[in-house]
Amino acid sequence: MAIRTESYCVDGEAPQAAAALVRGVRERFDADPKLLFVFASTGQPLEALVADVRASLAGTLVLSASSAGEFTERGDRKGAVSALAIDGDFHCSGGIAAGLAGDVEGAIDRALHGQRRVIDGYPELCAVLLLDPLAGHAEEAALLLAVKLGERARIAGGAAGDDLAMKRTFVGCNEQVLSDAAVVALLHTRAPLGIGVEHGHSAFSEAFTVTAANGSLVEQIEGRAAWPFWRDAIRERAAREGFDVDAIAPEDAVQLLLRFEGGLDAGSALKVRAPLAIEGDAIRFACEIPVGARLRITQSTRDGQVASAVAAARSARAQLGAQPVAGAVVFDCICRKIILGDRFDDAVRAISTALDGAPIAGFETYGEVALCEGDLSGFHNTTSVVLAIGARDG
Amino acid sequence: MAESGHTLEQDADGSQGRVTRGELVELLSAAVGKSAAEAAVERGCAAVAFGAHGSLAHAQRVLEAVAREPGLVGITARFAKARLALRSA
């Protein structure tokens, strides 16, 4: 028995979108599919949307996140709902817990509670982690989940969005939709899933030191207030892109911040860390930036963004080996859309081509999760994370 | 992630393998950055009298010391301890 997926993109108000999604699922599946990923814009409040979906698909595990943009293999859409239904020979379970900001380990423990770690006959385990990045503990959540899953840990996922409002994001497991929360789902399959991750950024500034920080809030860089420092460092390049950093209001600065992200000196590589918001003269990141960290400012080109998206898809595809691709979930950083503009559709279609045209559904995230064997970090920014599912005929 | 090799010599405490400070820094750097990793390893090594290199068991004690620190550094050390154990398995 194979694994099969179908992708959907619907719009309208939450009740209409939910009805259209359910109708689409019913047309293509004889029974409730085992698993449904749902990613929704702020135009379809997640709680209302998922409640209506679950009322009709009570047998389906629904994992959801609010989004900053939605897409399928057919292209990019805004203000919509993208979804991937998956059915076939695999097992899945899910849990959700709030309190990520105050007790990240407790939240991960509660979200994982009661889920089977081993299922006979299904030796491959992949966890999906969806989380609220505004809680500020995304890297911690990914690493703790890996500690708790043990040496078999392979994790993919993403940080929810809210159409660049940076006010409140949501994740959901079935009817439960929460902020300041994490969703952990465990997928047990007979053959491995493929997880590909790539970013297309490179540093252009010299390295500077974070001299004061409070968790994910960077307060001072090189002894100066963080935002004025950052603003000075990006002024010239931002002007070339049409931004006047001195005239931009903090609430409008997110588009600027997501073009000029932080690169953490991580030894042999640069670890990109996304600034998400300006708070006074401080900058809020999606995870803790330790005092003493050395940061450089990064930027990417349009070509670099497309190339890295394709590379992530090819990497995920390769891990499936000889299996045909059943489908994929794509967690794609919102910065890619900002940088690519009207070329974002090219990147989506290129991902689809690299996955042999299989159904894909994805959303634009405020951060991505990928952690496989040998990896030493689980939270990423400016990347595409592609979770590819093999069909495994027979 | 490339393997950082270490020889599997038997040490006085019965554990195998020698781990350098550099390898400990490498284990933490990807998540917290190199400078924070270096500082954390320095503190951890001082806490358990770890020199330039030591046995696997001694290296694990460094990471245990760092794991007691709050926030991302401590959590990363817990994760790194598990990764270090896997490398030597």
Notebook entry, point to check: Restricting to strands (runs of 3 or more DSSP E) lying wholly in region A:1-100: which have 2 or more residues that are hydrophobic (A, V, I, L, M, F, W, C) and out of contact with any Cys (no Cβ under 7 Å at 6 or more places or on another chain)?
Noted result: A:3-10, A:35-40, A:61-66, A:81-88, A:91-98
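Condition check ((1) more than 28 Å from A:Gly102 (Cα to Cα); (2) in a helix (DSSP H, G or I)) across all residues:
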residue	(1), (2)
A:Thr211	no, no
A:Ala233	yes, yes
A:Ala238	yes, yes
A:Asp244	yes, no
A:Arg259	yes, no
A:Gly263	no, no
A:Glu288	no, no
A:Arg296	yes, no
A:Val306	yes, yes
Notebook entry, point to check: Could you count how many residues in region A:353-373 are open to solvent by 20 Å² or more (accessible area, probe 1.4 Å), over 14 Å from A:Leu193 (Cβ atoms) and part of a loop (DSSP other than H, G, I, E, B)?
Noted result: 3
Note to self: Can you report the number of residues in region A:137-154 which are more than 7 Å from chain B (Cβ to nearest Cβ) and surrounded by fewer than 24 Cβ atoms within 10 Å (Cβ to Cβ)?
What the structure shows: 6
Next item on the list: Please determine, by comparing only the residues of region A:300-309 that are surrounded by fewer than 20 Cβ atoms within 10 Å (Cβ to Cβ) and either modelled with pLDDT of 90 or more or of a type in the set (Ser, Thr, Tyr) (or both), which one is farthest from the chain's Cα centre (by Cα).
Entry: A:Thr301
Notebook entry, point to check: Could you say whether any residue in region A:1-23 is charged (D, E, K, R), open to solvent by 50 Å² or more (accessible area, probe 1.4 Å) and closer than 26 Å to A:Arg190 by Cα?
Noted result: yes
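Mind telling me which of the residues A:Ala203, A:Ala253, A:Ala212 ends up being of a type in the set (A, V, I, L, M, F, W, C), open to solvent by 20 Å² or more (accessible area, probe 1.4 Å) and at pLDDT below 95?
On the way: A:Ala253 fails: open to solvent by 20 Å² or more (accessible area, probe 1.4 Å); A:Ala212 fails: at pLDDT below 95.
Just a single option satisfies the conditions, and that option is A:Ala203.
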Notebook entry, point to check: Restricting attention to region B:4-18, does a residue exist that is more than 11 Å from the chain's Cα centre (by Cα), assigned to a helix (DSSP H, G or I) and modelled with pLDDT under 90?
Noted result: no
Next item on the list: Find the residue count for region A:62-106, including only residues that are closer than 22 Å to A:Ile155 by Cα and touching a Pro at 6+ places or on another chain (Cβ under 9 Å).
Entry: 7
Checklist line | Among residues of region A:262-279, those that are away from chain B (no Cβ under 14 Å) and open to solvent by less than 60 Å² (accessible area, probe 1.4 Å), counted | finding: 5
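Sort through A:Ser93, A:Ser41 and tell me the only one that's open to solvent by less than 10 Å² (accessible area, probe 1.4 Å) and within 19 Å of A:Val183 (Cα to Cα). Before the answer, list the steps.
Working: A:Ser93 fails: open to solvent by less than 10 Å² (accessible area, probe 1.4 Å).
Checking each option against the conditions leaves just A:Ser41.
The values are calculated or read from the model by the stated rules, or taken from the named source; none is laboratory data. Bear in mind that the values here come from a model prediction, so they are computed numbers and not experimental data. No Cβ is skipped: glycine too gets one built from the backbone with ideal geometry, and neighbour counts run over all protein chains shown. The area values use the complete protein model at the heavy-atom level, side chains included, leaving out ligands, DNA and RNA. Shrake-Rupley method; radii C 1.70, N 1.55, O 1.52, S 1.80 Å.
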